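Below is one structure, written out as C-alpha cells, with a few remarks after it.
The values are calculated or read from the model by the stated rules, or taken from the named source; none is laboratory data. Here the structure is a predicted model, which is why all the values come from computation and not from measurement. Glycine gets a Cβ as well: all are built from the backbone with ideal geometry, and neighbour counts include every protein chain shown.
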Amino acid sequence: MLRQTYKSIIGKTKACYPDAFFVDVTRSRKSILSPSWNLLNDYKNGLVDWTGYTERFKEEMEKPKAVREMLGIAKKAQKKDVFLVCFEGPLAGDKCHRFILLDLISKIAIEHGIEVVVSKEYACLEDQKKNKQSKQMILSCF
C-alpha cells in the first residue's frame, strides 16, 4: 500500500509499521520528488496559489529521473507499505506535495499495469482511532 506521513510523527509511524519502507520526499534531503526551491518559494511568498503550485509541480515531475523514481516506489508498494514523508502535518490539509505524488505514482502505476492501493489517511493516527473505538466497543459489551 502507498501511504503518506509527516516528519514529526515518523517515529510513531515506524512503530506502527516496522516493516514499511519510508521515502523522504523533502527538499532538505534533495529528493528528486521534492518541489524546486523556485516553486516552493513562489508558493510560500504568495506568488502562486495551490492550483498553480500543483500544475508546476506536476510539470517538474515529468522529468525522466522523477518518473523512474515514482515507478520504483509503485513497484515497492505492491509488496509492502511505502510511506512518502514530508514536513507538512494535518493542519495543512492536503496541501503538501506528497498528496500530489500519491496521485502521480498511482497514475504511473496504472500506466505500467501495476496494481497499487493508495491511502491518503494518516495511517498511524487512523489505526489508533480504530483501536480506541474497538476497545470502547468491547468494553461496552461487558
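Within the range 101-125, no residue that is under 15 Å from Leu33 (Cβ atoms) sits with its Cβ atom under 7 Å from a residue that is among the aromatic types (Phe, Trp, Tyr) and assigned to a helix (DSSP H, G or I) at 6+ positions apart or across chains.
Are any of the residues in the range 23-30 part of a helix (DSSP H, G or I) and out of contact with any helix residue (DSSP H, G or I) (no Cβ under 6 Å at 6 or more places or on another chain)? Give the derivation first.
Just the residues of the range 23-30 that are part of a helix (DSSP H, G or I), to begin with: none.
No, the range 23-30 contains no residue that is part of a helix (DSSP H, G or I) and out of contact with any helix residue (DSSP H, G or I) (no Cβ under 6 Å at 6 or more places or on another chain).
Looking at Lys107, Lys58, Lys95, which one is at pLDDT 85 or above and either more than 24 Å from Arg27 (Cα to Cα) or not in a helix (DSSP H, G or I) (or both)? Among Lys107, Lys58, Lys95, only Lys95 is at pLDDT 85 or above and either more than 24 Å from Arg27 (Cα to Cα) or not in a helix (DSSP H, G or I) (or both). A search for C-beta distances below 8 Å between a residue of the range 50-73 that is in contact (Cβ under 8 Å) with a residue 60 or more places away in the chain and any residue that is of a type in the set (A, V, I, L, M) and buried (at least 17 other Cβ atoms within 10 Å of the Cβ), counting only pairs 6+ apart in sequence or on different chains, returns Ile73/Leu2; Ile73/Val23; Ile73/Val82; Ile73/Leu84; Ile73/Ile105. Against the conditions (1) within 15 Å of the chain's Cα centre (by Cα); (2) under 16 Å from Phe22 (Cα atoms), Lys79 satisfies every one except (1). Among residues that are in contact with a Lys or Arg (Cβ under 9 Å, 6 or more places away or on another chain) and modelled with pLDDT under 95, Leu40 is included.
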